[in-house]
Amino acid sequence: MTERSTLDTGTGYGREAPSYDTRLTEVGPGTPMGEALRRYWHPIATSATLTAEAPHRTRVLGEDLVVFRDGKGRAGVVFERCAHRGASLFFGRIEDDGLRCGYHGWKYDVQGRCLEQACEPDRGRRRDAVRQPWYPVEERYGLVFVYMGPPDRKPVLPRYDVLEDLAEGEQYFAEWPFPGLSVTGAEQDFHWLLIYENTIDPVHINWLHSQHSGYQFLGTGTTGFPEDFFDPYTLPGRVSYDRTDFGAKYGVRFLDRERDGERTERVWGAELHLPNATVLPDWVELTPDTKADMVIWAVPIDEHRHRAFFSIRAGDPARVRRFLFGITQDGKDAWELTDQQRQRFPGDGEIMTSQGPVALHSEETLATTDRGVVLLRRLLRTMIDDVEAGRDPQGVSLDEEPVRRTQAGLFTLATDTVGHAAPAARV
């Protein structure tokens with residue numbers, strides 16, 4: 001008689017269909033996350049490239065919008081479909097006082113008021129009764145921001161100390177220098193939370209950007225991080241995560257490269273401000289005891305895509321190049337890679353895309369090194385709970401507030417009286 005073979009275990013047969021947390025991922029009007037996100041300001045365009053030449057079509061939080069600047073220099077955001085017959089205002093014409101629809105000539109100002117109905121008697125006897133849906137905008141740091149939430153809960157647009165008080169010769173750099181990306185941001189074909197969680201996951205730096213794909217950060221071993229910064233086996237004792245008044249931050253302790261015959265212990269860290277902003281320091285040229293000089297935003301388009309915006313304060317365009325081109329793959333920029341090179345030397349783009357348009361939370365197996373991701377998700381869930389309970393979420397102020405003191409940067413750890421590094425600083 002033939003013995004039965006050992007029963008196979010752990011196979012994929014019979015597994016439930018993968019799923020994701022809809023409270024975290026859906027961003028349209030009326031959804032839990034969508035309503036929470038609508039309580040904050042979001043970048044929608046870059047100021048310098050938003051000219052009165054033409055309107056620009058965009059999509060934010062599942063809503064189709066048009067952003068434009070009228071002939072008087074005022075920025076405006078309105079629904080894309082004209083209130084008359086639904087034609088796209090993307091095909092409209094900008095005039096001195098507003099945007100005129102290309103279908104029948106109805107014209108709207110930056111707050112959606114109908115100024116003229118070209119083909120109607122007296123240019124529209126009841127034009128005052130028409131209002132094109134619109135959203136408030138403000139400009140700061142080289143960007144146009146939009147608020148899409150309830151009018152009575154409109155908050156103050158935050159100020160960040162790392163972007164305030166430009167020194168002589170400094171300016172804001174906020175434009176992607178690539179065709180088609182200069183006005184409404186760089187579109188990415190995956191969920192905004194994938195990249196936002198990636199920013200509070202320094203652990204991937206110590207594997208993906210070094211051990212797996214080779215040293216991808218420019219300046220490694222010279223102006224940037226020393227090679228042993230990327231040692232994955234010492235990382236668990238060197239990284240810390242903390243809540244802040246505006247979200248969360250992390251810090252990574254390491255021995256800096258040798259300077260004047262010594263290797264000083266420092267900490268490099270980034271900071272997240274709810275709901276979707278990251279304060280980030282330079283990683284290509286490390287200057288001890290300097291704060292970050294840029295903020296990045298991941299703005300949801302819908303449930304599967306997002307747009308990236310940034311603002312950098314700098315007196316030298318080289319700083320912008322270090323951000324835009326500071327991570328290479330096999331020594332090349334991403335657009336230079338073959339499919340085979342992308343597989344062999346993946347970077348953030350390949351990994352984010354490989355996770356699918358949205359994370360399948362039911363398929364995850366979180367571990368101790370995912371503490372930053374867990375912390376961020378808790379903060380986001382609390383943000384949603386607060387809005388549902390009628391409270392203002394974290395980081396929202398309806399009254400003028402001080403400039404936000406940020407904590408991201410590269411800092412020297414304090415030493416004790418005998419010259420030893422003090423206990424790990426939580427920055």
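The values are calculated or read from the model by the stated rules, or taken from the named source; none is laboratory data. In this text, all values refer to a predicted model and were calculated from it rather than measured experimentally. Every residue, glycine as well, gets a Cβ built from its backbone with ideal geometry; the counts of neighbours run over all protein chains shown. For the accessible areas, the whole protein counts, side chains as well, though only heavy atoms, and no ligand, DNA or RNA atoms are used. Shrake-Rupley method; radii C 1.70, N 1.55, O 1.52, S 1.80 Å.
Looking across segment 17-40, the residues that are part of a loop (DSSP other than H, G, I, E, B) and open to solvent by 60 Å² or more (accessible area, probe 1.4 Å) come down to Ala17, Pro18, Tyr20, Pro29, Gly30.
Any chance segment 307-325 includes a residue that's surrounded by fewer than 14 Cβ atoms within 10 Å (Cβ to Cβ), closer than 22 Å to Arg38 by Cα and aliphatic (A, V, I, L, M)?
First pass over segment 307-325, keeping only residues surrounded by fewer than 14 Cβ atoms within 10 Å (Cβ to Cβ): 315-318, 325.
Remaining after also requiring closer than 22 Å to Arg38 by Cα: none.
So far as segment 307-325 goes, no, none of its residues is surrounded by fewer than 14 Cβ atoms within 10 Å (Cβ to Cβ), closer than 22 Å to Arg38 by Cα and aliphatic (A, V, I, L, M).
Across segment 152-180, the qualifying residues are those that are open to solvent by 50 Å² or more (accessible area, probe 1.4 Å) and among the aromatic types (Phe, Trp, Tyr), and the one among them that is modelled with the highest pLDDT is Tyr172. The sole residue among Asp189, Asp242 that is open to solvent by 30 Å² or more (accessible area, probe 1.4 Å), out of contact with any His (no Cβ under 6 Å at 6 or more places or on another chain), closer than 30 Å to Tyr40 by Cβ and at pLDDT 95 or above is Asp242.
Quickly run through segment 264-305 and pick out the residues that are outside any strand (DSSP E or B) and either free of Cβ contacts under 8 Å to residues at least 24 places away in the same chain or of a type in the set (Val, Ile, Thr) (or both). Can you show your working first?
Kept after step one, since they are outside any strand (DSSP E or B), are these residues of segment 264-305: 264, 274-276, 281-289, 292-293, 301-305.
Within segment 264-305, Thr264, Val284, Thr287, Ile301 meet the criteria.
Every test in (1) modelled with pLDDT of 95 or more; (2) closer than 21 Å to His42 by Cβ; (3) under 19 Å from the mean Cα position of the chain (by Cα) is passed by Asp392 save one, and that test is (3). Among the criteria (1) over 19 Å from Arg140 (Cβ atoms); (2) of a type outside the set (Lys, Arg); (3) touching a Phe, Trp or Tyr at 6+ places or on another chain (Cβ under 8 Å), the one Glu95 does not fulfil is (3). Among the residues of segment 143-180, those identified as outside any loop (DSSP other than H, G, I, E, B), among the charged types (D, E, K, R) and touching a residue at least 12 places away in the same chain (Cβ under 8 Å) are Arg153, Asp161.
Close contacts from segment 344-356, counting a first residue that is under 12 Å from Gln216 (Cβ atoms) and a second that is assigned to a helix (DSSP H, G or I) and not small (Gly, Ala, Ser), with Cβ to Cβ under 6 Å and a gap of 6+ residues or different chains, come to Glu350/Arg342. Cβ separations smaller than 8 Å between residues 6+ apart or across chains give the following pairs from segment 389-418 residues that are in a strand (DSSP E or B) to residues that are modelled with pLDDT of 95 or more and among the aliphatic types (A, V, I, L, M): Gly409/Ala292; Leu410/Val267; Leu410/Leu286; Phe411/Val267.
Among the residues making up segment 373-418, those that are at positive phi and either touching a strand residue (DSSP E or B) at 6+ places or on another chain (Cβ under 9 Å) or not assigned by the TED database to the domain that holds Gly251 (or both) are Gly395, Gly409. Of all residues in segment 345-369, exactly one satisfies the criterion of being open to solvent by 60 Å² or more (accessible area, probe 1.4 Å) and in contact with a strand residue (DSSP E or B) (Cβ under 9 Å, 6 or more places away or on another chain), namely Thr353. Entry remark, segment 182-212: residues being of a type outside the set (Asp, Glu) and in contact with a helix residue (DSSP H, G or I) (Cβ under 8 Å, 6 or more places away or on another chain) number 18 in total. For Val183, the conditions (1) open to solvent by 80 Å² or more (accessible area, probe 1.4 Å); (2) part of a loop (DSSP other than H, G, I, E, B) all hold with the exception of (1).
Might you check whether a residue that is at positive phi and either crowded, with 21+ Cβ neighbours inside 10 Å or at pLDDT 95 or above (or both) occurs anywhere in segment 224-234? Checked against the condition, which is being at positive phi and either crowded, with 21+ Cβ neighbours inside 10 Å or at pLDDT 95 or above (or both), segment 224-234 yields no hits at all.
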